[in-house]
Amino acid sequence: MLTLIFDGIAYGMLLFVLSLGLAVTMGLMNFINLAHGAFAMLGGYVLVVLMRQQGWPFLACLPAAFVAAALVGALAERTLYRPMYKRPHLDQVLFSIGLTFMAVAATDYFMGSQQVNVQTPGWLSGRIELGSGDWMLGMGRYRLFIVVVCVALALALQAILAFTRFGSRLRAAVDDPRVAAGLGIPVDRVFLLTFAFGSGLAGLGGALGVDVLGLDPSFPFKFMVYFLIVCSVGGTSSITGPLVAALLLGLADVFGKYYVPKLGGFIVYGLMIAILLWRPQGLFSAMARK
Amino acid sequence: MKDAAAPKDAAPGAALLLLAPTKWRPWEYALWLLIAATPFVFAQHGALINEIAILALFALSLDLILGYAGIVSLGHAAYFGVGAYGAALFAKHVMPDPLVGLAVGTALGAVLGLLTSPMIVRGTDLTRLMVTMGIALVLYELANQFGEFTGGADGLQGVVLGPLLGRFEFDLAGRVASFYSLAVLFVAFVLMRRIVHSPLGLSMQALRDNRLRLQALGMSVNARLTTVYTVGSALAGSAGALLSQTTGFASLDVLDFHRSADVMTTLIIGGAGWLWGGLIGAVAFKVLHDLISSVTTQYWTFWIGLFLVLLMLVGRERLFRPWTWVRRSAG
């Protein structure tokens, strides 16, 4: 029981890191980026290649995955995404689906279509068990590691948003880009940095998730729904919304698969539709509060 | 066009302007004659013509929802799949007559569309995107789980149809199938033309462009969206029914996400918001598919993706009119 809750939380935290970048770009630029999963996949493959072929240690690969995804994100923002900001949502959806198609096929071409996995370092394998009987809590070390990293990230991000100059500029730009630009905030640069950072986070999440989620070229499509659920259910105006949504989703998924495996993803999708009907703007959005 | 005539006291210029696009143009007659001739001329490609006709019908149904009503849907396969499974199960267990099966598939699509439309008409683009996708995913999971009913991952096999109109047996080369699908496509096209140029269709386009204003004018926006969404779903259901009838097979593939994405790509290639978009897109999509597949079988999605990205970045108008590139850089 507790083990399930723990697994659900670990899964949810991972989803949170993966989708946070999407939530921010969605809230900030009002841009529906279905290609977000491609950046996560990039991070995952960077980790796999570095560890397997270059023999890098696991901990060094994680920042590398972040940096690689962030750089590609920055490049893509500059060249591809910027002209699309002002376009209708339909155009954005098609554009990013096209990008995802390209990423999937290209990955298939370069990396092969089979699922890849990596050997996690020894100090991260195995599990810790606490208590006994029905209330036994078994924590896989790797999942514990994920939770620790993700909680640290969430706290750091919250601190950046709340206390730094960049954070206040970002929040201003989210609320009203035009007024923010009028006040001399370099909105374009804020956009660029945020997009790059969000992509980097996705890359990091993808790298962390190789062992838990699995990694193959269809990754962006397989998890696109999950990212979108987190963003649409959580709303895009704060960090808390996506965090709660991601935890809910992780718990619902793990519990659903454990107790009623026959229904599969049915519970998650049904829950999502129900929540969206109840609160079309998401559970925690600014619109719902007003 | 008598029934759509404007009131007598309206300015004759305005009436003419409104009625002008409802007239059948000579090239439209010509194109339909050409389409009707294809199964005779390319008799050996009956299966391909059938596939194109079904894709065109599916794209046409999405056009009504997306191009005219402006509802962004990533789950249109839901209605297609319901129609496909409905027609297949009906033919297998109840009655093998194709036309009745088609009616059943269409009706199922319409019912599902009507049931789900309250979820579609509310919310923002993102919410709609998620809800439409969610509906398709839920149906996919259901079809997967009720394996004894739908055949699960193996698909539903052994669908045998009776002869069309009690006369024409479905042949292996797909000749009868291609005539059948083209005929249904034609009927749907004519129906769509009527709907699109009716007051309902005109108000849909106005609604797509400015929803708030229509509400201010006192139109019941939601009722209109519901109607159009139901009609679109019904057409998607009939496309699905055609597929499972003519191939004698229904599998989970009919509900898959890639089908929703494909049909959207098709429509966008052909152009959303005009009736020929779905038809032209279907031909272009299938031809592109065959061309690229003959070069690289596995990676053809890359080129479709590249095409979509270019189309969106450059814009349809400019991509298909190369001569405007020069003028723009000069100005």
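The values are calculated or read from the model by the stated rules, or taken from the named source; none is laboratory data. Everything numeric in this text was worked out from a predicted model, so none of it was measured. So basically every Cβ, Gly included, is an ideal-geometry build from the backbone, and we count neighbours across all protein chains shown.
Of everything listed in (1) without any contact (Cβ under 8 Å) to a residue 40 or more places away in the chain; (2) not in a helix (DSSP H, G or I), the single unmet condition for B:Gly273 is (1).
For region B:214-222, the criterion of being in contact (Cβ under 8 Å) with a residue 12 or more places away in the chain and touching a Lys or Arg at 6+ places or on another chain (Cβ under 9 Å) is met by at least one residue.
Scanning region A:195-221 for residues that are of a type outside the set (A, V, I, L, M) and at pLDDT 85 or above yields A:Phe195, A:Phe197, A:Gly198, A:Ser199, A:Gly200, A:Gly203, A:Gly205, A:Gly206. A:Val210 meets the conditions (1) assigned to a helix (DSSP H, G or I); (2) within 14 Å of another protein chain (Cβ to nearest Cβ) in every case but one. The failed one is (2). In region B:93-132, how many residues are surrounded by 18 or more Cβ atoms within 10 Å (Cβ to Cβ) and part of a helix (DSSP H, G or I)? Selection size over region B:93-132: 22.
Conditions tested, residue by residue: (1) hydroxyl-bearing (Ser, Thr, Tyr); (2) at pLDDT below 80.
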position	(1), (2)
A:Phe227	no, no
A:Gly235	no, yes
A:Pro242	no, no
A:Ala246	no, no
A:Asp253	no, no
A:Val260	no, yes
A:Gly265	no, yes
A:Tyr269	yes, no
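Anything in region A:31-67 that is part of a loop (DSSP other than H, G, I, E, B) and among the small types (Gly, Ala, Ser)? List them, or say none. Scanning region A:31-67 gives A:Ala35, A:Gly55.
Looking only at region B:258-314, residues that are under 19 Å from the mean Cα position of the chain (by Cα), away from chain A (no Cβ under 11 Å) and hydrophobic (A, V, I, L, M, F, W, C) come to 12 in all. The set of residues in region A:65-121 that are of a type in the set (D, E, K, R) and at the interface with chain B (Cβ under 7 Å from one of its Cβ atoms) comprises A:Asp91, A:Asp108.
Given the condition of a type outside the set (A, V, I, L, M) and within 14 Å of another protein chain (Cβ to nearest Cβ), answer yes or no: does some residue in region B:234-255 qualify? No, every residue in region B:234-255 fails to be of a type outside the set (A, V, I, L, M) and within 14 Å of another protein chain (Cβ to nearest Cβ). Summed over region A:146-167, the residues that are under 19 Å from A:Leu247 (Cβ atoms), out of contact with any Phe, Trp or Tyr (no Cβ under 9 Å at 6 or more places or on another chain) and either among the small types (Gly, Ala, Ser) or without any contact (Cβ under 8 Å) to a residue 24 or more places away in the chain (or both) give a count of 4. If I ask for residues that are within 13 Å of chain B (Cβ to nearest Cβ) and among the β-branched types (Val, Ile, Thr), which ones from region A:16-47 would you list? Within region A:16-47, A:Thr25, A:Ile32 meet the criteria.
If you go through region B:189-198 and keep only what is in contact (Cβ under 8 Å) with a residue 60 or more places away in the chain and either part of a helix (DSSP H, G or I) or under 18 Å from the mean Cα position of the chain (by Cα) (or both), you end up with B:Phe189, B:Met192, B:Arg193, B:Ile195, B:Val196, B:His197.
For region A:83-93, does any single residue satisfy the condition of being part of a helix (DSSP H, G or I), among the acidic types (Asp, Glu) and at pLDDT below 85? Within region A:83-93, one or more residues are part of a helix (DSSP H, G or I), among the acidic types (Asp, Glu) and at pLDDT below 85.
Residue selection: B:Thr226 fails the criterion of being more than 14 Å from chain A (Cβ to nearest Cβ), β-branched (Val, Ile, Thr) and closer than 22 Å to B:Leu48 by Cα. Hey, could you check region B:139-151 for residues that are assigned to a helix (DSSP H, G or I) and within 12 Å of chain A (Cβ to nearest Cβ) and say which is surrounded by the fewest Cβ atoms within 10 Å (Cβ to Cβ)? If we take residues in region B:139-151 being assigned to a helix (DSSP H, G or I) and within 12 Å of chain A (Cβ to nearest Cβ), then B:Gly147 is surrounded by the fewest Cβ atoms within 10 Å (Cβ to Cβ).
Within region B:1-47, if we keep just the residues that are in a helix (DSSP H, G or I) and either basic (Lys, Arg) or touching a Gly at 6+ places or on another chain (Cβ under 8 Å) (or both), the residue that is modelled with the lowest pLDDT turns out to be B:Lys2. Among the criteria (1) buried (at least 21 other Cβ atoms within 10 Å of the Cβ); (2) within 14 Å of chain A (Cβ to nearest Cβ), the one B:Ala88 does not fulfil is (2).
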